[in-house]
Amino acid sequence: MSASPPICDDSGSARRRFIVALAADSDVRIRDEVVPMRLIGVPTDVGPVDIVFRTRYSPEGFEHPVPRELWIDVRGDVADGPALSDVVTAYANAAAGFLPAIATSANAWVGDIEPKIAFEATPALAERSFFQNFVAEPQKTMPSPRRILDAATTVQLLQAVHGHPGRERLLRAIAQYALALSHWMPGRETLAMAHLFIGMEALTTLARDRELKRRDISAEELADQWGVADPRGGKPGYRLDSEVRRRILFAGDNATAKAAQEARNGFSHSFLDFKRVREIAEPIVNVTADYLRAAILDLSELDAKSVETLKSKPYDKPLRSFLTRYVWGTLLGAGEDLAAPDQEYPRLLWRSRLKSVRANPDDPDRLLMQPEDTITPSLADGISFQPTRWEIWGAAASGASVAEGQPDVDVSTAKVDPFAALAGEVDQLAAGLGGGEMLERAGSNVGLLATYDHCRHRHAAVLLLVKQGFSSEAIGIATAIFRDALLLSELASEAPESRADRVAGLHLDGLQQVDAWMSRIASSNGGAYESLEARARAAGAPGSSWTPDYEEIARSIGLKEDWATAQSAVLATGHPGLAKLSRFSRTADDTVMVGGPHANSREMDPLALLVAAAALLRASRAICTILGWIEPPKIAALLDTAAQLADSLNRNSLD
């Protein structure tokens with residue numbers, strides 16, 4: 001590190017600036033504003049920081065970016081000395097301390113915090129420490145239902161709690177309420193109730209002391225008035241604390257207070273079995289949560305307007321997102337084995353992805369999202385699936401809900417298509433690579449990443465075409481992916497310096513091809529044409545052009561036969577003199593039908609899907625090498641699957 005950081009405090013001591021970006025999965029969404037929610041001068045172990053809370057909006061190719069996790073930006077100046085790891089710990093701890101209050105304010109689950117990116121940002125340094133946590137980010141998947149946070153009211157709550165003399169007990173109760181929200185789903189009522197009652201215990205002393213102050217009496221006098229004094233003359237807390245919870249925190253609801261304590265004690269001290277504890281907790285967990293949250297707002301002495309806001313819809317009901325899908329139906333077909341050869345049981349693969357995201361013109365806080373669901377059976381030959389009913393259990397902004405009825409998702413009743421399954425997995429893997437990557441504009445890797453991105457989109461086009469029965473048209477696009485994958489693989493094997501020269505030469509080759517075509521057009525029209533290559537040379541373009549020999553590249557990496565097969569398929573499906581090979585079928589001895597439902601276009605489905613998927617996998621491996629990304633382990637496994645399918649396809653063609 002540089003020995004002379006340029007930031008100093010009033011005493012002349014060196015100061016260093018750090019930025020830490022953190023994230024937490026949550027069911028809270030913050031409006032996309034300039035400064036959504038900002039806290040200034042928050043103390044940490046290494047000095048004060050400013051914290052900005054917002055939602056990360058991910059550009060994923062839709063009309064509107066997709067709301068993702070809660071994003072926390074922490075910035076501050078520290079005295080020279082702490083390592084980056086110490087700063088990350090201090091900043092993360094400071095930010096994490098506010099998450100339970102955000103969850104309580106929104107009455108919605110907020111998960112654990114984790115660091116994403118951290119670095120020193122001290123100006124004028126030549127060396128600055130950096131950290132990044134590599135975590136797969138969701139792409140084109142349906143986000144959970146999220147509740148808009150009232151940021152201004154949440155800040156009011158934070159100020160009330162942190163300025164309260166009973167701050168520590170309030171924060172404990174808030175933390176317990178946030179933990180209860182993390183278990184807010186069917187089947188977890190026991191744990192939710194345990195945290196809720198502990199939260200009530202944390203508030204008991206505050207509620208008792210306020211009541212004593214309001215009445216201007218002692219604890220002994222209050223116990224005597226309420227008829228809970230110790231008959232043996234012991235401490236007034238003998239039954240007073242329990243009575244405070246019943247009368248104040250549970251608002252006089254004796255039945256709920258008694259059942260909540262029984263459930264909590266039975267669970268904590270193990271004198272009741274889990275089944276009995278859940279039977280007690282399940283019917284009272286919602287009302288107990290209402291009582292605890294109301295007590296937190298009341299005892300924090302939050303202003304009446306803010307309390308009214310946080311008790312109104314949608315904040316009046318807890319939210320913890322979850323999604324459970326059920327399908328009911330019938331397996332059709334005779335046979336002892338029902339599962340696919342590589343599976344132990346018959347099963348269905350349910351794939352759900354985002355189809356569109358756009359703004360809602362009637363409500364800016366609610367986005368219009370359309371999912372796309374596909375169910376693919378994995379069954380033995382001769383076995384098919386007939387759906388009869390589906391159920392989707394999940395959480396809406398107003399609580400748990402269930403949809404039930406006839407499935408309107410795309411359900412294939414045929415046996416599983418391993419080629420389609422492979423292509424689907426490859427498409428999902430590639431969706432997380434190459435999107436939104438920031439590169440130097442003048443760097444040679446920009447064009448290569450763009451080439452890879454083109455491969456991803458072409459692969460998606462192949463899937464759409466095959467799905468609609470246009471595999472003859474898809475094979476040409478699949479072969480284009482193959483060609484670009486060969487190019488990327490060749491460049492990935494080069495050293496960075498020679499790779500840059502090759503990329504520059506490839507660019508010049510493209511310009512030369514454009515020049516040749518445009519010159520012919522200009523010449524035929526009697527006009528002049530200014531060469532793009534000449535302009536590039538004049539601007540300082542180095543080296544000579546490079547025209548890739550794709551057949552040679554394929555041979556060098558052991559794919560010569562695959563390349564020849566793909567090229568032959570393109571010729572067979574694309575040459576006008578050979579179109580009849582894929583666009584007609586015999587209907588009688590002396591007649592044929594061109595096109596129509598009996599055309600043999602489906603015969604090309606496996607080849608189109610396999611060529612596209614295998615090529616995109618090789619392109620993914622190459623781009624990881626070029627850009628220094630960690631290669632997802634699944635690439636190797638999927639390439640093995642592609643090789644096995646290629647072998648089976650070759651055997652079938654020989655048969």
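The values are calculated or read from the model by the stated rules, or taken from the named source; none is laboratory data. Treat the numbers as computed from the prediction; the structure is a model and nothing was measured. Don't worry about glycine lacking a Cβ; one is built from the backbone with ideal geometry, like all the others, and counts go over all protein chains shown. Accessible surface areas use protein heavy atoms only, side chains included; no ligands, DNA or RNA. Shrake-Rupley method; radii C 1.70, N 1.55, O 1.52, S 1.80 Å.
With the whole protein complex present, SER218 retains an accessible surface near 40 Å², based on a 1.4 Å probe.
For the stretch 55-92 and the stretch 501-532, what is the separation of their Cα centres, given in Å? Spelled out, the Cα-based centre of one part sits 47 Å from the other.
Length gained on full extension, GLU391 to SER242, computed as 0.36 nm times the residue gap minus the Cα-Cα distance: 49.3 nm. Phi angles across the stretch 118-128 convert, under the Karplus curve 6.51 cos²θ - 1.76 cosθ + 1.60 with θ = phi - 60°, into 3J(HN,Hα) values of 8, 6, 7, 10, 4, x, 6, 7, 8, 9, 9 Hz, Gly and Pro given as x. Once you sort the root eigenvalues of the Cα gyration tensor of the stretch 96-166 as a ≥ b ≥ c, which label holds: rounded (a/c under 1.5), prolate (a/b larger than b/c) or oblate (the other case)? Since a/c reaches 1.5 but b/c is at least a/b, the shape of the stretch 96-166 is classed as oblate. With 0.36 nm allotted per residue and the present C-alpha distance subtracted, the LYS355-ASP86 stretch has 92.6 nm of extension available. Phi angles of the stretch 619-631 translate, via the Karplus equation with coefficients 6.51, -1.76, 1.60 and θ = phi - 60°, into HN-Hα couplings of 5, 5, 4, 5, 5, 5, 5, 5, 9, x, 6, 6, 5 Hz per residue; Gly and Pro are given as x. Amide H to amide H distances under 5 Å link SER144 with no residue, where only residues 5 or more positions off or on other chains count and H is placed in the peptide plane.
Among the listed pairs LYS213/LYS275; LYS258/LYS317; LYS213/LYS305; LYS116/LYS311; LYS275/LYS305; LYS467/LYS634, those with a Cα-Cα distance over 32 Å are LYS213/LYS275; LYS116/LYS311; LYS275/LYS305. Summing Lys and Arg as +1 and Asp and Glu as -1 over all other residues whose Cβ lies under 12 Å from the Cβ of LYS140 gives a net charge of +1. Protection proxy ranking, highest mean first, for peptides 348-360, 239-251: 239-251, 348-360, where packing is the per-residue count of other beta-carbon atoms within 10 Å, averaged.
Once you sort the root eigenvalues of the Cα gyration tensor of the stretch 177-335 as a ≥ b ≥ c, which label holds: rounded (a/c under 1.5), prolate (a/b larger than b/c) or oblate (the other case)? It comes out oblate by the Cα gyration axes. Charging the Cβ of each Asp and Glu at -1 and of each Lys and Arg at +1, and nothing else, the dipole of the stretch 79-186 about its Cα centre rounds to 500 debye. Taken one residue at a time, the phi angles of the stretch 77-93 give Karplus couplings (6.51, -1.76, 1.60, θ = phi - 60°) of 10, 10, 5, 4, x, x, 6, 4, 4, 5, 5, 4, 4, 5, 5, 5, 4 Hz. Gly and Pro are set to x. Near the amide H of VAL28, within less than 5 Å, lie the amide hydrogens of ARG147, all on another chain or at least 5 residues away, with H placed in the peptide plane.
Taking label positions 7 Å along the Cα-Cβ direction at both ASP45 and GLN370, the computed distance is 5.2 nm, reported to one decimal.
Ranked from largest to smallest solvent-accessible area, with a 1.4 Å probe on the protein heavy atoms, LYS258, LYS313 come out as LYS313, LYS258. Proximity of backbone amide H atoms, modeled 1.01 Å from N, is registered between ARG347 and ALA340, SER378 at under 5 Å, excluding neighbours fewer than 5 places apart on the same chain. With a ≥ b ≥ c the root eigenvalues of the C-alpha gyration tensor of the stretch 284-348, is it rounded (a/c under 1.5), prolate (a/b larger than b/c) or oblate? Prolate shape, in that a/c is at least 1.5 and a/b is the bigger ratio. Taking PHE134, PHE470 and ordering them by how much accessible surface each has at a 1.4 Å probe, largest first, produces PHE134, PHE470.
Taking 7 Å steps out from each Cα toward its Cβ at ASP640 and TYR326 produces label points 3.7 nm apart.
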